[in-house]
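The values are calculated or read from the model by the stated rules, or taken from the named source; none is laboratory data. For clarity, every value in this text was computed on a predicted model and none was experimentally measured. Neighbour counts are summed over all protein chains in view; Cβ atoms, including those assigned to glycine, are modelled from backbone coordinates with ideal geometry.
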Amino acid sequence: MSYADIVERVAPGVVTIRTSTGLGSGVVYQPDVVMTNQHVVAENTAMTIEFADGGKSAGTVLASDAVTDLAVVRTARKGLPPQQFRKELPRPGDGALAIGSPLGFQNSVTAGVISGLHREIPGSAAQSRALVDLIQTDAPISPGNSGGALLDTRGQVIGINDAYIPPEAGAVSLGFAIPSATAIDVADQMLATGKVVHPFLGVSLGQLTASIRQQLGVQVDSGALVLGVDPGSPAAAAGIQPGDVIIQFGGKPVAGVEDVLAALRTTKPGDQVVLTVARHADRTQLKVTVGTQG
């Protein structure tokens, strides 16, 4: 299909969301349910949904999840066209289309490629676990695109547009989307129970700097510094201590905080994972039973 054919087919399934505090986009997930970002709905419980045919409908937030920055909204209008979501990740270099309402320009389309996978926005781990393990694209994403669809060249939704790095930061076409597999899992949990269960370690993490390395006497160049351990948490039961530096998670190297958060997302509550930590001059392997945070 040509890009025009894809847009013509998908446009009815991409909506504009207007709240009392702002504007964003959404993707039809069920005939009366729209998926969007949590930061689009924010603290609002009711909003207006605008459709490609010019119609409008009331919308009510069913549930939202700040950890993954996703929300589901029930629409008063029924019979909406659910979009096809593709769980498999695209490949870097694949074509991509972003559809949404940047600055209120409804059903705007931008085109590019998949620039990378498993990305994190620099420094994002200190703000939100939502901003790690993302799809990166150079299809331009602007304010108002949030919650809209990132499509492959077959018109399947491969991600929910979430964030971008603005030009004033020196960026050129750096946009990010939540992978569809994550979005589907979270949306289904919210629709079933009204909440999302997240794998949980019970640690607060920070950046490992040269001065901290010297102070702790750890002989590693990178890793995620354990700043604190929640009492009674899986991490505490496994023997993880403040000052430890996590350097491997399940056998995979850890360069920083984002690597731990991304790896944790691939686990399920009850899974046992081996963490390798640097503690002073030693390296220790600790077996952690992943817990639940709802």
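Among the numbered criteria (1) modelled with pLDDT of 95 or more; (2) more than 15 Å from K287 (Cα to Cα); (3) of a type in the set (D, E), which one does D221 miss?
Condition not satisfied by D221: (1).
Counting only residues that are within 23 Å of V186 (Cβ to Cβ) and more than 16 Å from the chain's Cα centre (by Cα), which one in segment 253-280 is surrounded by the most Cβ atoms within 10 Å (Cβ to Cβ)?
By that ranking, first place goes to V273.
Rundown of residues vs (1) assigned by TED's automatic domain parsing to the domain that holds D271; (2) within 16 Å of H39 (Cα to Cα); (3) assigned to a helix (DSSP H, G or I), yes/no style:
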{"site": "E168", "(1), (2), (3)": "no, no, yes"}
{"site": "V172", "(1), (2), (3)": "no, no, no"}
{"site": "A181", "(1), (2), (3)": "no, no, yes"}
{"site": "A187", "(1), (2), (3)": "no, yes, yes"}
{"site": "S204", "(1), (2), (3)": "yes, no, no"}
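Pick from L97, L80, L70: which is touching a residue at least 60 places away in the same chain (Cβ under 8 Å) and over 20 Å from the mean Cα position of the chain (by Cα)? Spell out the reasoning first.
Numbers: L97 fails: over 20 Å from the mean Cα position of the chain (by Cα); L70 fails: over 20 Å from the mean Cα position of the chain (by Cα).
From the options L97, L80, L70, the qualifying one is L80.
If we keep just the residues of segment 237-283 that are touching a helix residue (DSSP H, G or I) at 6+ places or on another chain (Cβ under 7 Å) and assigned to a helix (DSSP H, G or I), which is nearest to A224 (Cα to Cα)?
V257
Is it the case that segment 77-95 has a residue that's closer than 15 Å to G144 by Cα and buried (at least 22 other Cβ atoms within 10 Å of the Cβ)?
Our first condition is that a residue be closer than 15 Å to G144 by Cα; within segment 77-95, this holds for none.
No - not one qualifying residue is present in segment 77-95.
Which of the residues that make up segment 206-224 are touching a residue at least 12 places away in the same chain (Cβ under 8 Å), over 10 Å from V245 (Cα atoms) and either among the aromatic types (F, W, Y) or not in a loop (DSSP other than H, G, I, E, B) (or both)?
Listed by number, the list holds a single entry, I212.
If we scan segment 209-224, do we find a residue that is surrounded by 20 or more Cβ atoms within 10 Å (Cβ to Cβ) and in contact with a helix residue (DSSP H, G or I) (Cβ under 6 Å, 6 or more places away or on another chain)? Even if it seems obvious, please write down each step before you answer.
Narrowing segment 209-224 to residues surrounded by 20 or more Cβ atoms within 10 Å (Cβ to Cβ): 218, 223-224.
Cutting the leftovers down to in contact with a helix residue (DSSP H, G or I) (Cβ under 6 Å, 6 or more places away or on another chain) gives us 224.
There is at least one residue in segment 209-224 that is surrounded by 20 or more Cβ atoms within 10 Å (Cβ to Cβ) and in contact with a helix residue (DSSP H, G or I) (Cβ under 6 Å, 6 or more places away or on another chain).
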